[in-house]
Amino acid sequence: MAADPLRTLGAGPDLGHAAVVGEAARHIGFRGLSALGMPIAGLMWSAGTFLGRSGEIGGLDIPVAYAFAVVAVGGLSQTLAIWFGLSAVTWAMTRLFGAKAGFFQLLAVYSASAAPLWVAAPSAALYVSDEIALLGPILVVGCTGTALFFWKLSENLAAACGWTRLRASSALACTGVFLASFFSLYA
């Protein structure tokens, strides 16, 4: 039986390009501002929600800053729960596919991939609010940002696990199928 080069990273100098990329990316973690990726996406979701519901919020008898703070706490709470939940399910799927990436490493992978969500999240919040007249362009922007997020996520997951992008995309697809089946049972 031939040795799997993805499992013998660092075993020798002749493992090829995948080993070099995998060895360098194996140490992906929270570096620089990468830990802020998902919290910023949560704030952007909150800003989109606040803007989309500004008519309703304006009718309340509370200061605007206080109203935004309440919306921001709710948006950040949702985003952080989604971030930890997706990372947990992805961790299970990467283990199923044979990777040994840690949970905190996958949190970092998601957060480092989140920049496209900074545009997609407020677009989705505005689309859901139905108070904005330009729903078509907002939908296009939101879908494009989400697609870019998953593209970057598959790239970062592949690097973190030392996999090909196809294998990482397969693990992400299994994560999506699991979550879809979970939501279909409990929604």
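The values are calculated or read from the model by the stated rules, or taken from the named source; none is laboratory data. Values in this document were obtained by computation on a predicted structure and should not be read as measured data. Quick reminder, even Gly has a Cβ in these numbers, built from the backbone with ideal geometry, and neighbours come from all protein chains shown. Ligands, DNA and RNA are stripped out before the accessible areas are found, and what is left, the full protein with its side chains, is counted by its heavy atoms. Shrake-Rupley method; radii C 1.70, N 1.55, O 1.52, S 1.80 Å.
Values as computed for the structure displayed
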| quantity | calculated |
| --- | --- |
| Of residues in segment 49-62 being among the β-branched types (Val, Ile, Thr) and over 30 Å from Phe178 (Cα atoms), the one most open to solvent (accessible area, probe 1.4 Å) | Ile62 |
| Counted residues, segment 128-149 - those being within 20 Å of Thr79 (Cβ to Cβ) and free of Cβ contacts under 8 Å to residues at least 60 places away in the same chain | 10 |
| Residues being assigned to a loop (DSSP other than H, G, I, E, B) and within 22 Å of Ile40 (Cα to Cα) - total across segment 51-62 | 1 |
| Residue selected from segment 100-109 under the condition open to solvent by 10 Å² or more (accessible area, probe 1.4 Å) and of a type outside the set (D, E, K, R), by the criterion farthest from Ile82 (Cα to Cα) | Gly102 |
| Residues that are aromatic (Phe, Trp, Tyr), open to solvent by 60 Å² or more (accessible area, probe 1.4 Å) and either under 16 Å from Leu51 (Cβ atoms) or not in a helix (DSSP H, G or I) (or both), drawn from segment 63-99 | Phe68 |
| Tally, over segment 112-167, of residues that are in a helix (DSSP H, G or I), polar (S, T, N, Q) and open to solvent by 60 Å² or more (accessible area, probe 1.4 Å) | 1 |
